[in-house]
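Shown next, in structure tokens, is the structure this report addresses.
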Amino acid sequence: MTVDEQIAHLRRGCEAIYSEKDLRSRLEHCAKVGRPMRVKLGMDPTAPDIHLGHTVVLGKMRQFQDLGHKGVLIIGDYTARIGDPTGKTKTRPILDDDTIKKNAETYFQQAGKVLDTRPEKLEIRFNSEWLAKLNFADVLKLTSHMTVQQMLQRENFKMRMKDEVPIVVTEFMYPLMQAYDSVVIDADVELGGTDQTFNNLAGRDLMEKNGKPPQIVVIMPILRGLDGVEKMSKSLGNYVGITDTTKDMFGKTMSIGDAMMQEWYTLLTDVPTAEIATLCDASKTHPREAKMGLAKRIVTRYYDAAAAEREVELWQKVMVEGGLRDDIPTVALSKAECDADGTISLSKLLKVLNLAASTSEGRRLIEGGGVSVNQQKATDPQMRITPVNDMLIQVGKRKAAKVSLLST
């Protein structure tokens, strides 16, 4: 692609670029000297799983890779000890080394579902490699590059000051540590979500103060979760994990509101913008058809086309024709989990079969009319049943399990 074509391609879905003029200049320079740009993305392994929200910036890095540039994935094993204060109303707990190491291994495996992991396309670095070597004098020098007033421009720090919620001094260090990563690896570009704007721009400033060309900052929107309101988050339960089963990945995507389809198509697929406009126009494409196309693309990306097509067929069979999936799990139930008379409360059985997180949630599901036993609706939250082999328990149309009664 020409530089103009690259910029047009990279601009897609971006919230902001600091600055597009600098990006053009860097692209032209790198083309002239014959080297790829180094495109940085930092990820702190503070949790073990990656969801679709994380793939927005990973997908942007993949775009850069496909244009011939090199991704530099920084695993923040050192910064994770502090934890990014962005968006937090209180200090994060400090993680132990074993948890960080285990989470980092999972990140490698899952990020590889999006990124081109060939060595010539991806460089993986741990920031303990350089941050652990800094002595106290080095740290003091680093802190001299940012004022307290600059730190307090962060919205969450402002709020914590106003609410008299403590801010630990180590939290002030986080953006400087992340910025120093950029200096060490000579980043041409740093990617981040809107919540990372402050940290990424700090890296831009620090590089300039260290006599290096300041990195270009590419900011991506935060993907809204299944509720259509809050950002996608595992803690909020509104997420689609990239290791979810094909059933859950497809079904969760089909559950999003019609108004979210344009956002998800833009940030999670490579469908051309003009085609997205047609898909998301109810007068031109039926919303269910457009949503099914979105779900197919997402399952195909993380599994394959055959798995996606199978989910389409099963969705039609269950949701439209009222049939049953042919892969309903069978869950073992021991007699010890039943009472002496061999019965068990339906609410408890829902929990045992992993159809409800707790017996109280099970009662709420029954009260809501969404539970059936052998395809007969259950309405009594106190209902007790005598389980037998192959008894079918359903929650709504999408969740079901069969009982396998153990003899002991």
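Rule-based calculations on the coordinates, nothing more; no lab input. Please read these numbers as outputs of a predicted model, since none were measured by experiment. Virtual Cβ from ideal backbone geometry, glycine too; neighbours counted across all protein chains shown.
Which of the listed residues, Leu134, Tyr265, Val148, is farthest toward the dipole's positive end in segment 120-268, when Lys, Arg count +1 and Asp, Glu count -1 at the beta-carbon?
The residue sitting farthest along the positive end of the dipole is Val148.
Go ahead and estimate [θ] at 222 nm for the chain from helices alone: -39,500 (n - 2.57) per DSSP H run with n ≥ 4, summed, over the residue count, rounded to 500.
Helix-only estimate at 222 nm: -12500 deg cm²/dmol.
In debye, nearest 20, what is the charge dipole magnitude of segment 1-67 about its Cα centre with +1 on Lys and Arg Cβ and -1 on Asp and Glu Cβ, if you could check?
260
What does the extension gain come out to for Ile124 and Lys284, with contour length at 0.36 nm per residue minus their alpha carbon separation?
53.2 nm
Can you give me the long-range amide H partners of Gly53? Hydrogens built in the peptide plane at 1.01 Å from N, cutoff under 5 Å, separation of 5 or more residues or another chain.
Distant-sequence amide H within range of Gly53: Val240.
First select every other residue whose beta carbon is under 12 angstrom from the beta carbon of Gln110; then total the charges, Lys and Arg +1, Asp and Glu -1.
Local net charge: -2.
Treating only the Cβ atoms of Lys and Arg (+1) and Asp and Glu (-1) as charged, compute the dipole magnitude of the chain about its Cα centre; round to the nearest 20 debye.
That gives the chain a dipole magnitude of about 160 debye.
Taking the alpha-carbon centroid of each part, what is the distance from segment 1-47 to segment 302-346 in angstrom?
45
For the pair Ala305 and Ser25, how long in nm is the line joining their label points, each one 7 Å along Cα→Cβ?
Placing both labels 7 Å along Cα→Cβ, they lie 4.5 nm apart.
Taking 0.36 nm per residue of separation and subtracting the Cα-Cα distance, what length does fully extending Asp4 through Ala357 add?
121.9 nm
Given 0.36 nm per residue, what is the gain on full extension from Ala16 to Lys158 after removing their alpha carbon distance, in nm?
Gain on stretching Ala16 to Lys158: 48.8 nm.
In a Gaussian network model over the chain where Cα atoms closer than 10 Å are linked, find which of Val114, Val183, Val271 has the largest mean-square fluctuation.
Val271
Be a star and scan segment 142-171 for residues whose amide nitrogen sits under 19 Å from the point 7 Å along the Cα-to-Cβ vector of Phe136.
Residues passing the 19 Å test: 142-145, 169-171.
How high is the relative contact order of the chain? Use alpha-carbon pairs under 8 Å, at least six apart in sequence, and give a whole percent.
Once divided by the residue count of the chain, the mean separation gives 13 percent.
Report the one residue of Gly76, Pro381, Met161 whose Cα lies farthest in the direction of the positive end of the charge dipole of the chain (charges on C-beta: Lys and Arg +1, Asp and Glu -1; origin at the Cα centre).
Checked the options; the winner is Met161.
List the pairs from Lys113/Lys317; Lys348/Lys399; Lys348/Lys397; Lys101/Lys296 whose alpha-carbon separation is above 25 Å, in the order I gave them.
Table pairs above 25 Å Cα-Cα are Lys113/Lys317; Lys101/Lys296.
Which value, in debye to the nearest 20, describes the size of the charge dipole of segment 266-408 about its Cα centre when Lys and Arg Cβ atoms bear +1, Asp and Glu Cβ atoms bear -1, and nothing else is charged?
240
What ³J(HN,Hα) values, in whole Hz, does the Karplus curve 6.51 cos²θ - 1.76 cosθ + 1.60 give for segment 276-293 when θ = phi - 60°, with x put for Gly and Pro?
4, 4, 5, 5, 9, 9, 4, 6, 10, 9, 5, x, 5, 5, 5, 5, 5, x
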